[in-house]
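Everything below concerns the one structure shown next.
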Amino acid sequence: MKFLELAQFFERLEGTTSRLEMFQILYELFSQADKEELGKVVYLTMGELVPSFRGLEFGVSEKLVMEALSKASGLKLSSIQKLYKEFGDVGKVALEVLKREGKGLSVSQVYEELYSIARARGTLDKVMLLINLLKALSAIEAKFAVRIIVGNLRLGVGEATIIEALALLLGDRNYRQLVERAYNLCSDLGLVAETLVHKGLEGLAEFKIQPGYPIRMALAERVADAEELIRRLGRCAIEAKYDGFRLQVHKKDKEVYIYSRNSEPMTEMFPEIKQAIMEISARELIIEGEALAVNEETGEFYPFQITIQRKRKYGVYEYSKEYPLKLFCFDLLYLDGEDYTVKPFMDRRKRLEDLITFRNTLELSDLKIVQSTKEVEEFFEDAILRGLEGIMGKRLDAPYTAGSRNFNWVKLKRSYKGQLADTLDVVIVGYFYGRGARAKLGIGTLLTAVYEPSSDTFKTLSKVGSGFTEEEWVSLKKMLDEIKLDHKHARVDSLITPDVWVEPKYVITVSADEITRSPLHTAGKVGDEPGYALRFPRAVGFVRSDKKPEDATTVEEVLRMYQLQKRVKIE
Ligand code: AMP
């Protein structure tokens, strides 16, 4: 396929306001792509060259792209900068200033060029390569190439839509589960697409876990109290709920890979965990646990703020000495060629206990088998006294359900009166200019939404206007202006029209007093019934760099939180 054709598909994806149409365009694109190139087409559609867990970054700023555009077009840098100021999008600038026909490069050729730019060491080399590439592209091709380079393709195509379009490529949308299963086992949609075109249905059905490819993590449902925990799980395991980083640790011969909850590569941030895993006597291994900083003298857990400081590029070694982390291991997913995710929880746990024998950096999570409400309550009280945020309950016979939230695992958290027990992660879909003191900043309130996996859309839940400092508002506006859209995004469902629409990309955490019913919002809205909204929402922290929009709280979770809150009130 020519890169020009791909760019034309991108143009159509950018223009659509309907999620169904987005799906149809994607299906058309995937059917027309050459078999050999489908994997690359999938990555490029997501604005990437390789899956994000590989950690390949372009390292090319908007500023460098502008320099390259100036050289490739012969226009003065100041004119390019002026256009960028006006459009806020290097893609639109490229479209405006490049006037060539283009050399008709194929998708693979452009992919290779982009790859060389990402791999080039020095800034100078990167710019030279980029200038050469721009000289070979037409304006519309360049528009999308430069957007990919700065990490901002602005299409907002979700994984679920890609999965569905790939399923239809197999002949039936109902194959979605099969495609999804493979994706859950490797977090690599390009690899899934390649498997699908080369090995067909059978290849997909036989898809296996491979160390080095993150498994999408299993998630927990909420329960209101100890009584519900026992009612749902019966005789079960309960564990301390540690408040740190969830990590999935892979060992493959002499290599160790550590991934975050969102499958981001984090190996270099945890040298002590890497070292400890190397010492386990297994050739291939995938385990999960929660890492947190522990005061070695008192044995107490440090607050999350201390643990999170580890998420940095420099000074990791010093931090690992000052605040060493422990990994509280709670699951085993793979061991020496054997898939453990399909085995019952207790079998996985027993094998894990055999593996983690020496206790230093690696510890086992505290676990107790219980069958009465009273036992759960006692364990819970004890956990709270130790400064933990709550407990987890696990069904004894359940497999590890990759990429899904269900009642195989439940969480019971402490709650505070007059406040929701949990925070919510919401996606920013637009903003309002704001009134009064905020008007001078040009941003006053955010329109935010939660995710609905079944339709792969974002449903509005709340306006959020507090919780950020003035500096944070200023940075937020800058970040949002870089992804602003001329129209509502195809995957956003909203009855409210903000002053500025943006691509659903950034996730923020909010706390609120209560969930209420509201006719203004689309989260949980069915027919003429009202939807759900937040009462007194306020942002906690800044934009979550560790969460994709699809990792936001789901509509179902909002409904569940609403029900739990009602129940607690009556009691
Ligand atoms: P939440 O983030 O509130 O949805 O709670 C689920 C999270 O609790 C998981 O994703 C883990 O990061 C964390 N967690 C802490 N302790 C445990 C444990 N013992 N078992 C499983 N997950 C745990």
Rounded to 10°, Cα long-axis angle of helix 139-149 versus longest principal axis of the chain
30
So which chymotrypsin sites (Phe, Trp or Tyr not before Pro) in segment 381-425 are both in a DSSP loop and have at most 16 other Cβ atoms within 10 Å of their Cβ?
416
Going through 126/505; 459/547; 143/477; 374/394 one by one, the pairs whose alpha carbons sit over 20 Å apart turn out to be 126/505; 143/477
Work out how far the C-alpha atoms of segment 98-170 reach from end to end along every principal axis, then list the three figures in whole Å, largest first.
41, 30, 21
Please enumerate, by chain and number, the aspartates and glutamates with C-alpha under 13 Å from the C-alpha of residue 343, excluding those fewer than 8 residues away in the same chain.
331, 397
Once both axes come from the Cα atoms, what is the angle between helix 176-186 and the longest principal axis of the chain, in degrees from 0 to 90, rounded to 10?
80
Between residue 85 and residue 556, how high is the FRET efficiency from 1/(1 + (r/R0)^6) when r is the Cβ-Cβ distance and R₀ = 60 Å? Nearest 0.05.
0.90
How many angstrom lie between the C-alpha centres of segment 111-133 and segment 421-449?
37
Reachable lysines from residue 251, criterion Cα separation under 18 angstrom, eight or more residues apart if same chain:
208, 274, 326
Near residue 85, which aspartates and glutamates are there with a Cα under 20 Å away, not counting those fewer than 8 places off in the same chain?
62, 67, 96, 481, 482, 486, 499, 503
How many nm separate the modelled label positions at residue 372 and residue 435, each set 7 Å beyond the Cα in the direction of the Cβ?
5.9
Rounded tilt (10° steps) of 77-87 against the dominant C-alpha axis of the chain
60
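Values in this text are rule-based calculations from the coordinates and carry no lab data. Please read all numbers here as calculations on a predicted model, not as lab measurements. Glycine also receives a Cβ, built like all others from the backbone with ideal geometry; neighbour counts cover every protein chain displayed.
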